[in-house]
């Protein structure tokens, strides 16, 4: 239970607001298995309590919540609905990243903060059909061409999470005549900006991660925010822990369902609920232990990140937290389904959706092979120093 990880009065106040939404989010969750679905009401609920502004820095009037806070809140939201948590997590995480790194020019960053304060939603669109995940180092085929004091951009981006409600897209593009990769902000209502509803994933369908199509989109020069160098490389930044927090939240929801089922289900072959059966108790013990281990490691890494001066040195631990939590979430949902039995495969039962949704975590960055390679590199480097 996340209850044991609550440390401050401020966390309690935010969680109390979020908890009011959890039954509502869970009630709407089944609607998000339909093609073209999106949790519009859930996102609006979170905007209405100021949740989308919580990672803004204090020097612009924000709360500047810690990574630990962010993980705590995101896990609770995912307990109600995973697609809502993953979607809004990208926005808050990007705000946190830009606040920490200050990689944009001060004027542009101030503009960005003002837009967020007004309720605007941002997300990155970096993945492309031929490059795959940007963390693999592929150069974008999206092209930015300088025309006077403007940029003209053409390309297609995939996996644009929260596409139906985003106000701005932060995209990567190759710059004509240069080796660098540029980062640009694309306002949603610019001419030539289209959302093509391609998202037919069986997992996390409610994130509406459609394609972003850019056809001769003209933007002002101020929207050219950053140069990424010859390749887009992961920075190892902590805000990506919103991903494992989301999948642990889904696993917690599956655990809760299975426990309630075991306590109430009594077949006529027994004179007691199945919660008293040894095999059921063993499964419950196993899944609870896995959740304890994954959650303890996740929150420990988040706290370490908040306190660290050299945050780059924690790349392996951040990746490990995602690896552990995501794989534990898959295991926990599987055990929950074993407790409930064949009923868990029913279209009306949320467990089959939890089962599909947690598997999406394997394909969120960093992927398992990257994590294991990163950890191995750390091991060999540390061994050389001994």
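Since every read-out is calculated from the coordinates, none of them should be taken as a lab result. Since this is a predicted model, take the numbers as computed values, not measurements. Cβ atoms come from the backbone with ideal geometry, glycine included; neighbour counts cover every protein chain shown.
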Relative contact order computed over segment 5-164 (Cα-Cα under 8 Å; 6+ residues apart), in percent: 20
The chain: C-alpha pair distances exceeding 32 Å, %: 35
Exposure proxy order (Cβ contacts within 10 Å, fewest to most) of 369, 260: 369, 260
In degrees, nearest ten, helix 67-80 long axis to first principal axis of the chain (Cα): 60
Segment 304-334 residues near the modelled residue 384 label - backbone nitrogen below 18 Å, point 7 Å along Cα→Cβ: 313-316
Order of 95, 202, 71, 333 - criterion: other Cβ atoms within 10 Å of each residue's Cβ, fewest first: 202, 95, 333, 71
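Quick check on the exposure proxy: order 191, 228, 53 from fewest to most C-beta atoms within 10 angstrom.
Neighbour counts put them in this order, fewest first: 191, 228, 53.
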Separation between Cα centres of segment 52-115 and segment 141-173, rounded to whole Å: 21
Where labels lie 7 Å past Cα in the beta-carbon direction, separation of residue 179 and residue 286 in nm: 5.3
Column: log10 I(q)/I(0), Debye, Cα scatterers of segment 238-380, q = 0.10, 0.13, 0.14 Å⁻¹: -0.40, -0.61, -0.68
Helix 106-117 axis, angle to the chain major axis (alpha carbon atoms, nearest 10°): 40
At R0 = 56 Å, FRET efficiency that the Cβ-Cβ distance of residue 202 and residue 271 yields, to 0.05: 0.90
Largest-first ellipsoid semi-axes for segment 2-119, taking √(5λ) over the Cα gyration tensor eigenvalues, angstrom: 25, 18, 11
At R0 = 51 Å, FRET efficiency that the Cβ-Cβ distance of residue 215 and residue 373 yields, to 0.05: 0.85
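If you wrap segment 44-176's Cα atoms in a convex hull and average its projection over all directions, what's the area in nm²?
Across all orientations, segment 44-176 yields a mean hull projection of 9.2 nm².
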Stokes-Einstein D for segment 123-227, Kirkwood Rh over Cα pairs, 10 °C, 1.306 mPa s (µm²/s): 115
Cα-based helix-to-principal-axis angle, 82-101 vs the chain, degrees rounded to 10: 40
Within the chain, helix-based [θ] at 222 nm, where runs of 4 or more DSSP H residues each add -39,500 (n - 2.57), nearest 500: -16000 deg cm²/dmol
